[in-house]
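Down below is the structure, laid out as structure tokens.
A short reminder: the numbers here are calculations on the coordinates, not readings from a lab. All of these numbers come straight from a predicted model, not from anything done at the bench. Because the Cβ atoms are built from the backbone with ideal geometry, glycine has one as well, and the counts that use them run over all protein chains shown.
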């Protein structure tokens, strides 16, 4: 009888110790869980925009993205009745459009059909709109050569605030009839201005 009671007391002590250990273990697990922490990082990537546009009237800018959609330049008289050494002028303007996120380098090339060697051209940048002998005299030469051969480059800057268009660069095309230009000769010239983002 005494042994049975003793065994029962011992069993209760063991059960109490085990129960305490179980509670201690649960508490330890809860403590460990509270030190579990996480960090997350994410990013969204968006490409910039690049818009290059021109204006034959140096005011109304739009896209002329192919030979077939080339802007028609308006040359001064007598562009359609030239005699030896006559000089005619036409203005053009280019800029980087609204939303553009990069500056650009513009390369000017040209092709000509017909009597290309009967005409020479010089392309200037000018301080303001308008193209004339006076404007050309103070302009900066970009390209000069016989039509079909001249090339040159200049730079364009995007706007400081991309919701605005960049500042326009005014161009002045000066075309001179050669001293040996043939009567009734005709040449069609297409200038290509290709902007590459920097």
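In nanometres, what is the gap between the two model label sites at residue 103 and residue 161, each 7 Å from Cα along Cα-to-Cβ?
Calculated label separation equals 2.1 nm.
What nm value, rounded to one decimal, do you get for the distance between residue 46 and residue 71 when each label is placed 7 Å out toward the C-beta?
2.9
In percent, how large is the relative contact order of region 85-198, given Cα pairs closer than 8 Å and 6 or more residues apart?
Relative contact order of region 85-198: 47 percent.
Taking neighbour Cβ counts within 10 Å as the exposure measure, how do 53, 39 sort from fewest upward?
Placing the least packed residue first, the sequence is 39, 53.
Could you tell me the center-to-center distance, by alpha carbons, between region 65-135 and region 178-192 in angstrom?
That distance is 15 Å.
Just rank 105, 98, fewest to most, by other beta-carbon atoms within 10 angstrom.
The fewest-first ordering by Cβ neighbours comes to 105, 98.
Using only Cα atoms, figure out Rg for region 107-198 and give it as a multiple of 2.2 N^0.38 Å. Mind showing how you got there, number by number?
Working: Rg = 15.3 Å, N = 92, 2.2 N^0.38 = 12.3 Å.
This ratio for region 107-198 stands at 1.25.
Hey, rough spin-label estimate for residue 144 and residue 36, points 7 angstrom out along Cα→Cβ, what's it come to in nanometres?
7.9
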